[in-house]
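The values are calculated or read from the model by the stated rules, or taken from the named source; none is laboratory data. Everything quoted here is computed from the prediction, not taken from an experiment. Don't worry about glycine lacking a Cβ; one is built from the backbone with ideal geometry, like all the others, and counts go over all protein chains shown.
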Amino acid sequence: MPHYLTEACEEGIANHIEEVCKAVNIGVIVYNRANSRIGAELLERVVDRCPNLIGFKDGVGEIEAMVRVRRKLGDRLAYLGGLPTAEVYAAAYKALGVPVYSSAVFNFIPRTAMEFYRAVAADDHATTGRLIDEFFLPYLDIRNRRQGYAVSIVKAGARLVGHDAGPVRAPLTDLTEDEVEQLDALIRKLGPQ
C-alpha cells in the first residue's frame, strides 16, 4: 500500500519499498498510485535489490509510464491493473501486457464481474461493450460525483446485496439516498448474482 505521508520524492518511495521487502519473507507487490508513484528506472533498481518484489499494480493510469515499466522489467514482475473501476481500462491494459486487474465490483456483482473478465480475456468486444454501456458507465456517473466515492459506492453495493460493511470512515462520505437507489436499479437490471 502507499506510504503514510501525503508527498514523498521518488527516491524516498524506492527506499520505502526496499524497506518493506527487507522486512518480510513473502512476495511484495508495489501498488503504484496517488502519492506513491515510482518510475521504471528506480523500480528496476529496487527489483534488482529485492528478489521478493514480485509484482506491480498500477493505480495511476499513465499509459506511457506503464509502457516504460513493462518494457524495462518485462517478465521479472507480475502486472495488475488497479485503477478504480478497473473494468473500464481492462482491454487497454491487457494490450499493454497487464492481463489481470482487481475488481471492486466483484464484492457485490460477482457473476457480472466474472462475465466481464472472461469477455476481456477472450477479446469478446460485444460483451464488454454491452456491460460497459449497461452497467459500468452509469455506475461511473454515480461514482464520479464526489471525491472518495470509489470506496463509498462499493460499500453501498455490498450493502444492497446483503453484505453490510458499515459506513465509510471520515473524511469520506456515503452515497446519498438517491444515489443508492440509482445503484440499486443498476444492480437489479443485471439479475441474480
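Across region 1-37, which residue is surrounded by the most Cβ atoms within 10 Å (Cβ to Cβ) among those that are more than 14 Å from VAL47 (Cα to Cα) and among the small types (Gly, Ala, Ser)?
SER36
With ARG159, ARG146 as the choices, which residue is outside the structural domain of PRO84 (by TED's automatic domain parsing), more than 19 Å from the chain's Cα centre (by Cα) and either surrounded by 15 or more Cβ atoms within 10 Å (Cβ to Cβ) or assigned to a helix (DSSP H, G or I) (or both)?
Of the residues listed, the single one that is outside the structural domain of PRO84 (by TED's automatic domain parsing), more than 19 Å from the chain's Cα centre (by Cα) and either surrounded by 15 or more Cβ atoms within 10 Å (Cβ to Cβ) or assigned to a helix (DSSP H, G or I) (or both) is ARG159.
Residues checked against (1) touching an Asp or Glu at 6+ places or on another chain (Cβ under 9 Å); (2) under 22 Å from HIS125 (Cβ atoms):
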{"site": "GLU7", "(1), (2)": "no, no"}
{"site": "ILE13", "(1), (2)": "no, no"}
{"site": "HIS16", "(1), (2)": "no, no"}
{"site": "VAL24", "(1), (2)": "no, no"}
{"site": "ARG49", "(1), (2)": "yes, no"}
{"site": "GLY61", "(1), (2)": "no, yes"}
{"site": "ALA95", "(1), (2)": "no, yes"}
{"site": "PRO99", "(1), (2)": "no, yes"}
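Does any residue of region 115-124 turn out to be charged (D, E, K, R), in contact with a Lys or Arg (Cβ under 9 Å, 6 or more places away or on another chain) and assigned to a loop (DSSP other than H, G, I, E, B)?
yes
Restricted to region 48-79, and to residues that are buried (at least 21 other Cβ atoms within 10 Å of the Cβ) and among the aliphatic types (A, V, I, L, M), which residue is farthest from the chain's Cα centre (by Cα)?
Looking at the filtered set, the residue picked out is LEU53.
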